Amino acid sequence: MTDVQLPGLTKQASKFWNAVPLGARKAILANVYCGNCRGAVSIVNVTGAVKSGNLVLYGYCAKCGQDVARLVEGSNA
């Protein structure tokens, strides 16, 4: 995987996401906490939006399918 595009993002969220360096984008998607699995997992079927200057990614745990979310802090945080 050479690029990390997320078609389920809002336009503003997509702009935010594309400003994040590629290596960091990959790490973010591979390191989401799942309460059901009780550890770090990958997130799949990602959607997202910008809320209060931060990017919030919503999706599902790649292991068990539980709802998960990941906050990516904006530069104003």
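Remarks
- Whole-percent carbon and sulfur share, accessible surface of the chain, 1.4 Å: 50
- Ratio of the Cα radius of gyration of the chain to 2.2 N^0.38 Å, where N counts its residues: 1.04
- Packing-based ranking, highest mean first, of 30-41, 49-60 given that Cβ atoms within 10 Å are counted: 49-60, 30-41
- Each Lys and Arg contributes +1 and each Asp and Glu -1, all at the Cβ; summed about the Cα centre of the chain, the dipole is approximately 0 debye.
- Per residue, the accessible area of the chain comes to 63 Å² when a 1.4 Å probe rolls over the protein heavy atoms.
- Residues of segment 1-31 with amide N under 18 Å of a point placed 7 Å along Cα→Cβ from A40: 21-31
The values are calculated or read from the model by the stated rules, or taken from the named source; none is laboratory data. Keep in mind the model is a prediction, meaning the values are calculated, not measured. Cβ coordinates were reconstructed from backbone atoms using ideal geometry, including for glycine residues, and neighbour counts include every protein chain displayed. SASA here: full protein model, heavy atoms, side chains in, ligands and nucleic acids out. Shrake-Rupley method; radii C 1.70, N 1.55, O 1.52, S 1.80 Å.
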